[in-house]
Amino acid sequence: MSVIFENSRFFRQQGYINGQWVDADSGNTFDVTNPATGEVIARVADMGAAETARAIDAAEAVQAEWAALPARTRCNRLERWYQAILDNRKELGQIMTVEQGKPIAEAIGEVAYGASYIKWFAEEGKRVYGDIIPAPMTDKRNLVIKQPVGIVGAITPWNFPSAMLARKLAPALAAGCVVVAKPAAETPLSALALAVLAEEAGIPAGVINLVTGMDAPAIGSELTSNPKVRKITFTGSTRVGKLLMEQCAGTIKRTSMELGGNAPMIVFDDADLDIAIPGALAAKYRNSGQTCICSNRIFVQDGIYDEFIERLKSEVEKFSIGNGLEEGVTHGPLITEAAALGVESKVQDALEQGARVVTGGARSENGPCFFQPTIIADAVPSMRVFREEIFGPVAPIFRFGNEEEVVELANNTEFGLAAYFYTENMNRMWRVSEALEYGMVGVNETAISSEVIPFGGMKESGQGREGSRYGMDDYLETKLICVGGLDRK
Ligand code: ADP
């Protein structure tokens, strides 16, 4: 067991249901492994459908009471939780690095990023306004009020184990909903640590429940079929998102889906490479390429193609790969060996179709989960890297001639999450921004995400938005109250 865990009150291996830390009914556990070292760092309760059903019952028991609290009371508790997370971000970051692999600075940054949603919705929760709509008749008045949707089932991935959960819990709780969440089995510890602090901040028993387990389909089926659950919010693959939506159809649950991406990054001849290169480095290699808004396809115009590649290469070769807890390490492992093998096969496919390795191109000697930061030039649309999410530190560079052609290439995918482009031409800035079929477009910028913006996708990248004032709507029902008979004296 890693030293950093020995005295941490945040290190929990049990699920959290109805304010209790509990084992699986079966007593079984599953292993959580440090991807940098292969070491088993925790044995966590392996729960299934029965524990999920109990968590839903616990949520149901407190739903009305939580919703009935004044927004200010709920939001004050969220503020306390936010502050507690920030105060402990270093320890939470260490836990994340050990289970997920990202460098410690990035992990601490993620904890703070996730917490920023709690702060934001603690404020926004007090501004859930209704509306008064002029009636077409004199004897009526129309009022619109917003009410919490009810019990929310949340399923989160391993790439941002703290922030993806915080981003769902914050608006849900602020709106007056209660939550049963299932963190990814690869990274349950960051989620459990958040629950420790929620409890200390005064979030009552039953308002947040965490069901841990390996059998995602069993937990997911209970969450999606149980009529008490009114909404599913999911971040993960498009494949699983589609499955969950199908399952939700049985009880017409509302859904928010934050699914896969295939982000284009377009660098026009007139781009300023002094900002495009750092933008590409951040968007491509953050979290070793394991984010849904990572630039998946980098399109570079003829005139600057060679210069862009040269400059990107010299920066990528400065990266330091290794265990994210070690000083100076800039990039960690992928989540599993299978993930590294998957990236390798996509690179292989590109090379077989004529791509050229500029740097990297193979698995790394650091360990089975590592892949070298890679650039491949001369990529073409028939390659898998054009169609599929790479989810690894591989930048495929495509050459293009003109704007029309590249916009068509960029939109030629079933995904529509994030897109980026670099240009100094103002007319092009508007034209291309409006033509890209993506939920988020970064112009001369790839660091687009924060709690103040609506994060989400079009097409098969999902539906709903997280963060910003728009994010509140995902957890609210709109109710009409029509008052009539007002013409009587
Ligand atoms: P990734 O490729 O990022 O692991 P997944 O969509 O497989 O994406 O996983 C995201 C989350 O969805 C994880 O918490 C995972 O356990 C969960 N999950 C996977 N399959 C199912 C399923 N059939 N039902 C419910 N949840 C699932």
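The values are calculated or read from the model by the stated rules, or taken from the named source; none is laboratory data. What you are looking at is a predicted structure, and each value in this text was computed from that prediction instead of being measured. A quick note on method: Cβ atoms are made from the backbone with ideal geometry, for glycine too, and the neighbour counts reach across all protein chains shown.
Points worth noting:
- Elements of the type helices (runs of 4 or more DSSP H) sitting completely within segment 34-107 and holding at least 2 residues that are over 22 Å from Val329 (Cβ atoms): these cover 49-68, 71-87.
- Screening the candidates Trp81, Trp66 for the property of being surrounded by 24 or more Cβ atoms within 10 Å (Cβ to Cβ) and within 12 Å of Leu173 (Cα to Cα) yields one hit, Trp81.
- The requirement of being assigned to a helix (DSSP H, G or I), of a type outside the set (A, V, I, L, M, F, W, C), at pLDDT 95 or above and within 13 Å of the ligand (Cβ to nearest atom) is fulfilled somewhere in segment 186-208, by at least one residue.
- Those residues of segment 357-395 which are assigned to a loop (DSSP other than H, G, I, E, B) and of a type in the set (Phe, Trp, Tyr), in sequence order: Phe370, Phe391
- Residue match in segment 128-146 (condition: within 29 Å of Val240 (Cα to Cα) and hydrophobic (A, V, I, L, M, F, W, C)): no
- Ala170 within 14 Å of the chain's Cα centre (by Cα) and either of a type in the set (Ser, Thr, Tyr) or more than 16 Å from the ligand (Cβ to nearest atom) (or both): yes
- Applying a threshold of 8 Å to beta carbon distances and a minimum spacing of six or more residues, or different chains, the list of pairs starting in segment 230-242 at a residue that is over 20 Å from Ile293 (Cβ atoms) and ending at one that is near the ligand (Cβ under 7 Å from one of its atoms) and part of a strand (DSSP E or B) reads Ile232/Ile155.
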